[in-house]
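The values are calculated or read from the model by the stated rules, or taken from the named source; none is laboratory data. As the structure is a computational prediction, the values presented were derived from the model and not from experiment. Ideal geometry is used to build each Cβ from the backbone, glycine not excepted, and the neighbour counts take in all protein chains shown.
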Amino acid sequence: MLWIVVSAILISLLSFWGGYKRLLYIDQITPRNLSITLLGIVVLLVVLQWMHRLGYFPEAIAGAVMANAYASAFGFFAGAAVQQFQQKKNAGDIIYVNRSFWTDIFPNIVAIGIILFGIQRTSLFSDLPFTPIRVTSGLSIMAIGAYSVTVRLVPEFRAKGIILLDRLIKWDDFLSYSWFSEEVLEIDFKLDDKIRSFKTMIPDDDSIFIEKTLSGKIAERLEKEEFDEYEEME
C-alpha cells in the first residue's frame, strides 16, 4: 500500500508540472488526435484485461496502475487550473466579456457538480474505506472540475490581451478584426508565426464598444511599431 501512495504522489507531482507548463492546449486537440488517443486507451485496457486473465497482471498491480493513472490526471488538470488562474490574474482586468446564463452560470453549475461528485468519489463522507483508487479518482474528478471553472466558453478581452479558452493572445499578437455577420466578430491573431482566427458572438448593444476597443488596440500597435522603426533608424 505504501509504495502505491508514494508512486501516486510522485506521478501527480510530475503531471502537475506538465499541466502547469501547459504542454497541451485545448486548441491543439483535434478529432483525429482524440480518436487515436481513445483507441489507444481501449486497446491498452483490452490488453491489460487479457493479461489479468492469464495471471500476468494481478489485482495488486492493476490497482497500482489505476491509482497512478488517476494521480496523473489529477496532477495535470490541477497544474493547468493553477496556471490558468495565474494567467487570468496577470492578464489584468476584464475589459469586455459577453455574459449570459449559458456562458457564465450554467458552466459554473456543471463545474461545481463535477467537484462535488469528485468529493463523493473519495468516500470522504461515506462509510467506505479509503483506498488509493478511490482517493486518486476523486481527486482527478475534482481537478477537472477546478480546471473547467477557469475555462470560459467565450473570449475574455482583458487589459493585456484576449483569453481564448485556455490561451492568452497578447495585444501585440492581435492583428485585425472584421464582422463576419451582423453579430459575429472575427479576429485575426498571430500564434507560433502563423496567422489564425476565431469567431465570437457580440450583441448589438456591445458592438460599438468592441469596435472602439479593438480599433484603439490596433492604433496602439501601429504607434509602437512606428516608434520602434524610428528608434532603429537612429
>> Looking at the stretch 133-151, I want the residues that are closer than 15 Å to V110 by Cβ and have a partner that is in a helix (DSSP H, G or I) and of a type in the set (S, T, N, Q) with Cβ atoms under 8 Å, at least 6 apart or on another chain. Which pairs are those?
In response: Y147/Q84; V149/N108; T150/Q84; V151/Q84
> Before we move on, is L222 outside the structural domain of Y96 (by TED's automatic domain parsing), over 28 Å from V82 (Cβ atoms), at pLDDT 90 or above and part of a helix (DSSP H, G or I)?
Replying inline: no
> Given the conditions (1) surrounded by 13 or more Cβ atoms within 10 Å (Cβ to Cβ); (2) of a type outside the set (V, I, T); (3) over 30 Å from L10 (Cβ atoms), and given that R121 satisfies all but one, which numbered condition is not satisfied?
Replying inline: (3)
> Applying the selection to the stretch 1-43, what residues are in contact with a Leu (Cβ under 9 Å, 6 or more places away or on another chain) and within 20 Å of R134 (Cβ to Cβ)?
Replying inline: S12
>> I'd like to know if the stretch 84-92 contains one or more residues that are closer than 30 Å to F209 by Cβ, over 14 Å from the mean Cα position of the chain (by Cα), in a loop (DSSP other than H, G, I, E, B) and modelled with pLDDT of 90 or more.
In response: yes
> Could you say which residue among G138, G79 is surrounded by 15 or more Cβ atoms within 10 Å (Cβ to Cβ) and under 16 Å from the mean Cα position of the chain (by Cα)?
Replying inline: G79
> How many residues does the stretch 149-163 hold that are more than 30 Å from E220 (Cβ to Cβ) and either surrounded by 20 or more Cβ atoms within 10 Å (Cβ to Cβ) or of a type in the set (D, E, K, R) (or both)?
Replying inline: 0
> Which is outside any helix (DSSP H, G or I) and over 15 Å from the mean Cα position of the chain (by Cα), of L153, L116, L124?
Replying inline: L124
>> Quick check on this structure: which one of L175, L185 is assigned to a strand (DSSP E or B), farther than 20 Å from D93 by Cβ and either at pLDDT below 90 or in contact with an Asp or Glu (Cβ under 7 Å, 6 or more places away or on another chain) (or both)?
In response: L175
